[in-house]
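None of the figures in this text is laboratory data; all of them are computed from the coordinates on show. Note that the structure is predicted; figures quoted are calculated from it, not measured. Cβ atoms come from the backbone with ideal geometry, glycine included; neighbour counts cover every protein chain shown.
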Amino acid sequence: SKQLGKNRCQFYSQDMQEVARLRVQIEAELRVAVERRQFVLYYQPIIDARSGSVNGAEALVRWQHPMRGLVAPDEFIAIAEDTGLILPIGAWVLNEALRQANEWLVQGLPPLRIAVNVSGVQFREQGLLELIAQASRKPGFDRIKLVLEITESVLMQSSDATETLMREIGKLGVNYSLDDFGTGYSSLSYLKRFPVDHVKIDRSFVSDCVDDKSDALLVEAIINMAHSLGLKVTAEGVETDSQREFLRARHCDYIQGYLVSEPLPADEFRILALRYQAD
Ligand code: C2E
Ligand code: CA
Ligand code: CA
Ligand code: CA
């Protein structure tokens, strides 16, 4: 009825006010979090699909909120991007991931690929080159393989300047991985134009690849296409043995997901990496 519609509308606008209020609060708290460095990195292993040994780690940021505990990135990255706070957060993430990777080297782990998520906002700033140039002069960098994970939207919104920036950063020995592949307006031309050497198949395709015929075909097509362009492939969100078998049979290069491990604190990651090496 009309009455119901009106009530709904009212509830809706109250919800919107609540959402807006919460956003302002998170934004204010996020500023404090940046000043006080209330962030921590977790590391999820990326394993070789054939040998099962750990090939690398993806660094994933969490916010150590004084009242709310560990806050997942999905709850604050978008706000950080809108407010520009992603720039200091992203800089911290990059430096911390590289510091940790060097510490693992010192502790006796073999050199690993360390993957860091980079927001499109960071890519529209020239500061990214200087940030990575500075990082590249720190100890251990020559033995660490830094991979920047970018999404298709970065490439879609990109200009010649982005392409130049990517190539300049690439000259420092940095590789690029195209994240969440298949979810955006994937275009083969991006893969040809930009210096990307790796794609990550999005979890949404991997999770149903064993049961859903069209997802299976899609995953297969992405792997074959990537390989024919000379790119390596990681499957994200692998949770079951049958998914791993499916992917291995189709020559997927790397696997990441809860089947191997959830993202771990640095010390737990180190122990797991040693164990997987010994096997
Ligand atoms: P992403 O880059 O696609 O990262 C993978 C996400 O999937 C992670 O969530 C990871 O914990 C989760 N995941 C991994 N394996 C499985 C699995 O087998 N099953 C399921 N259900 N989930 C799995 P997380 O850590 O919550 O991160 C969410 C997103 O936040 C990331 O998605 C990334 O887009 C963003 N993010 C995380 N750290 C950073 C960062 O330092 N900078 C930026 N700009 N974004 C970040
Ligand atoms: Ca990622
Ligand atoms: Ca992803
Ligand atoms: Ca994602």
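For this structure, a couple of remarks:
- Placed amide H near LYS232: partners under 5 Å, 5+ positions off or other chain: HIS198, VAL199
- The sum of -39500 (n - 2.57) across all DSSP H runs of n ≥ 4, divided by the residue count of the chain, sets its helix-only mean residue ellipticity at 222 nm to -15500 deg cm²/dmol.
- From least to most packed, judged by other beta carbons within 10 angstrom and beginning with the fewest, SER187, SER153 follow the order SER187, SER153.
- For the range 120-279, a simple Cβ point-charge model (Lys and Arg +1, Asp and Glu -1, everything else neutral) yields a dipole of about 720 debye relative to the Cα centre.
- Long-range amide H partners of ILE46 with built H, under 5 Å: ASN55, GLY56, ALA57, GLU58
- Summing Lys and Arg as +1 and Asp and Glu as -1 over all other residues whose Cβ lies under 14 Å from the Cβ of PHE194 gives a net charge of -4.
- Overall form of the range 60-103 per C-alpha gyration tensor (a/c, 1.5; a/b vs b/c): oblate
- Computed from point charges on the beta carbon alone (+1 for Lys and Arg, -1 for Asp and Glu), the dipole magnitude for the chain about its Cα centre is near 440 Debye.
- Estimated dipole of the range 60-119 in Debye, rounded to 20 [Cβ of Lys and Arg +1, of Asp and Glu -1, Cα centre]: 200 debye
- Summed side-chain charge close to LYS232 - residues other than LYS232 whose Cβ falls under 9 Å, Lys, Arg +1, Asp, Glu -1: -2
- Kirkwood's formula applied to the C-alpha pairs of the chain gives a hydrodynamic radius of 20.3 angstrom.
- Using the Cβ of ALA133 as centre and a radius below 12 Å, the other residues enclosed give a net charge of +1, where K and R count +1 and D and E count -1.
- Selection from GLN17, LEU191, PRO263, by position along the positive dipole direction of the chain (Cβ): GLN17
- Using a cutoff of 8 angstrom between alpha carbon atoms and counting only pairs six or more residues apart, the relative contact order for the range 76-231 works out to 17 percent.
- DSSP bridge analysis restricted to the chain gives an antiparallel fraction near 40%, rounded to the nearest 5.
- Applying a DSSP loop filter and a limit of 15 other Cβ atoms within 10 Å to the chymotrypsin sites (Phe, Trp or Tyr not before Pro) in the range 182-273 leaves TYR185, TYR258.
- Qualifying GluC sites (Glu not before Pro) in the range 191-279, DSSP loop, other Cβ atoms within 10 Å at most 14: GLU239
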